[in-house]
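*Asks:* Below you'll find the structure I mean.
The values are calculated or read from the model by the stated rules, or taken from the named source; none is laboratory data. Predicted model only: the values in this text are computed from it and were never measured. All Cβ positions, even for glycine, are placed from backbone atoms using ideal geometry, and neighbour counts span all protein chains on display.
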Amino acid sequence: LSQNYPNPFNPFTTINYQIPKESFVSLSVYNLLGQKINNLVSELKGEGYHSVMWNGTNSFGEPVSSGVYIYSISSNDFHGFKKLVLMK
């Protein structure tokens with residue numbers, strides 16, 4: 001799991017990640033209260049490098065407020081997280 005770029009961002013950011021073998025990947029964005037804001041990836045992915053863009057919206061397509069968010073990835077036995085900052 002790589003750090004998103006740009007960071008801070010507005011209006012889009014890119015998150016890159018690498019999968020060593022085919023597996024089910026879940027990548028989600030959370031607020032600092034631990035509430036899931038948006039699920040960006042939830043599918044079987046092949047090995048290799050992948051990227052996903054987030055446009056600063058929640059799962060309903062509504063823009064979220066400026067602030068610090070956490071993005072988290074889960075794949076097989078790996079779980080990782082990093083911070084990102086949305087500035088409007």
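*Asks:* Only residues that are modelled with pLDDT of 95 or more and more than 16 Å from residue 15 (Cβ to Cβ): list them for the range 60-88, please.
*Replies:* Within the range 60-88, 60, 61, 62, 63, 65, 66, 67, 87 meet the criteria.
*Asks:* Just to check your reading of the model, which residue among 75, 65, 59, 42 is within 12 Å of the chain's Cα centre (by Cα) and on the phi < 0 side of the Ramachandran plot?
*Replies:* That would be 42, the only listed residue that is within 12 Å of the chain's Cα centre (by Cα) and on the phi < 0 side of the Ramachandran plot.
*Asks:* Cβ-Cβ under 7 Å, sequence separation 6+ or interchain: first residue in the range 1-15 and without any contact (Cβ under 8 Å) to a residue 24 or more places away in the chain and at positive phi, partner surrounded by 13 or more Cβ atoms within 10 Å (Cβ to Cβ) and part of a loop (DSSP other than H, G, I, E, B). Which pairs?
*Replies:* Going by the 7 Å Cβ cut-off, there are no qualifying pairs.
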